[in-house]
Amino acid sequence: MVVAPAKAGRREWIGLAMLALPTLLVSMDLTVLHLAVPALTEDLRPSSTELLWIVDVYGFLIAGSLVTAGTLGDRIGRRKLLLFGAAAFGAMSVLAAFATSPAMLIVARGLLGVAGATLMPSTMALIRNMFHDEVQRSRAIGIWMTSFMAGATLGPLVGGALLNAFWWGSVFLMGVPVMVLLLVFGPRLLPEYRADEAGRVDLVSALMSLVAVLAVVFGVKQAAEHGVTVLSAVVFVAGLLVGWAFVRRQRGATDPLLDLSLFKNARFNLAVLALVLNTGVMMGLNFFAAQYLQLVHDLSPLDAGLWTLPMTLAGIPVALLTPNLARRVRPAYVMALGLLVAAAGFLIITQVDESGLPVLVCGTVVMFMGLSAMGVLGTTMAVSATRPEEAGAASAITSTGNELGGALGLAVLGSIGSAVYQAGTEDSDLSKVPAGTVESAKESLGGAVQAAADLPRQVGDELLAAARSAFLDSLHVVALVCAVVVVLLAAAVAVLLRDTGRPDGTQDGTPDGAQDTAGTEAGAVTS
């Protein structure tokens, strides 16, 4: 007889609030620095290379450290790793706030990234262990994702408010009280969990994992920002080679850092792939939307952030209510429906013109609602497809997939948009614009805006009109490509995952509770 999984109680739901706080903070730190760049540049005087590292090192090291952090939590204890990461995050936040040199800030931001990587898979893995009921777990992941979405949106808004009242370092200090709160109440509200047969941590594999992911993400982002260069290509290929060597090492290791048997689970693989594509189209489109707001409508970063607020606010109820719908309809069909809704949003964006700010907002709201439904159920499906003792590694893979999906989305869609933009400027009559200025303007819309500022007004206006027209063409093409991708993904999800997560609560013919029972025998759960 199959025993139904135990329902989560008051303690688990209050514990979820504790898990949502660091998730909110980690995503805020991904965006909050952007507004502080002018002030810290004036204070610390970083070189252009140092400034790039100050901005990017946090996200790079989060992506590169996720796999190691997720597996480490499975072995030493997820609550222990979460609390250690919270203490490190708070300490590094103080170090970053009071940095006195560019090098000091780069180191602090890098260590913040490593600490952030310990928080992300730990929170999701603890949700897997705290919520055994499939419906409750899906709802909990919806709340977890809502906190991440809210953090990304609140970052520029909170950062702007702090910068209006305090110095640039204040944007880092907002993390300290949150982490103190987690350190005080976390041990009382969160259970500890670790695998019984935890092996040693392979430091060589950990280093290889870091190098592989860092190199791939760096190569892709460089290609997205500057086009494919010798540097980006060499770094990307080197990352793939190190990744290949990492996989070979895991196959022959007694205690592998990453259990490759996870990838034998078709349900897990398909869910992760769907999340990669889901994140890719969202990040790629958001990149163009941000340029539209700031370079077509001349909005400040703070004002542009305010115009993206409706998108996030629309995604929050979807993330919270989607699990209820998945109780009555197969999750795969709900995911497919969400993707079709997102496709409709992308198609709305293809109608944006220079005065089409309301159209863009409407399109991004519809898009984000659809992608949020896919994100909640896809994450639930990926994490639920594994045994409880594998939840840390599964969460890390899911988070890494999202990071890679975002980077690939920026690179691929950015390249497509750049090609369309350059073709559009080639067809424009820019005979009145100096030759050197034309070349700069043809590189990007940002280059055109900067070039126009140094030209006589009439000539500058003509250049801007041509550049913005070409940019709108690129936005339309990128949105159309995104629509095609999500429609194809919707068909694949509906067909390949249709028997996963039936409305009666079973998974691939095995009740979720049975999986949890087996997992509890293999692992240790303590208060």
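The values are calculated or read from the model by the stated rules, or taken from the named source; none is laboratory data. These numbers were taken from a predicted model, which means no experiment stands behind them. Virtual Cβ from ideal backbone geometry, glycine too; neighbours counted across all protein chains shown.
Restricting attention to region 91-148, the residues being of a type in the set (Phe, Trp, Tyr) and surrounded by fewer than 20 Cβ atoms within 10 Å (Cβ to Cβ) number 1.
When 119, 111, 95, 105 are screened for being in contact with a Gly (Cβ under 6 Å, 6 or more places away or on another chain) and not basic (Lys, Arg), only 119 passes. Pairing each residue of region 220-232 that is more than 17 Å from residue 59 (Cα to Cα) with any residue that is at pLDDT 75 or above, provided the two are 6+ apart or on different chains, yields C-beta distances under 7 Å for 232/219. Kindly indicate the residue of region 52-80 that is in contact with a Gly (Cβ under 9 Å, 6 or more places away or on another chain) and without any contact (Cβ under 8 Å) to a residue 60 or more places away in the chain and also surrounded by the most Cβ atoms within 10 Å (Cβ to Cβ) among those meeting that condition. Selected residue: 58.
Among the candidates 98, 148, the residue that is of a type in the set (Phe, Trp, Tyr) and more than 24 Å from residue 324 (Cα to Cα) is uniquely 98. Check whether at least one residue in region 307-328 is surrounded by 22 or more Cβ atoms within 10 Å (Cβ to Cβ) and of a type in the set (Phe, Trp, Tyr), and report yes or no. Within region 307-328, not a single residue is surrounded by 22 or more Cβ atoms within 10 Å (Cβ to Cβ) and of a type in the set (Phe, Trp, Tyr).
Only residues that are charged (D, E, K, R) and under 19 Å from the mean Cα position of the chain (by Cα) were counted across region 309-332, and they come to 0. Every test in (1) exposed (fewer than 14 other Cβ atoms within 10 Å of the Cβ); (2) of a type outside the set (Gly, Ala, Ser); (3) at pLDDT below 70 is passed by residue 516 save one, and that test is (1).
Of all residues in region 206-230, those satisfying the criterion of being over 24 Å from residue 285 (Cα atoms) and either out of contact with any Phe, Trp or Tyr (no Cβ under 9 Å at 6 or more places or on another chain) or modelled with pLDDT under 80 (or both) are 206, 207, 210, 230. Of the helices (runs of 4 or more DSSP H) contained entirely in region 301-392, those carrying at least 3 residues that are modelled with pLDDT of 80 or more and farther than 29 Å from residue 158 by Cα fall at 331-349, 357-384.
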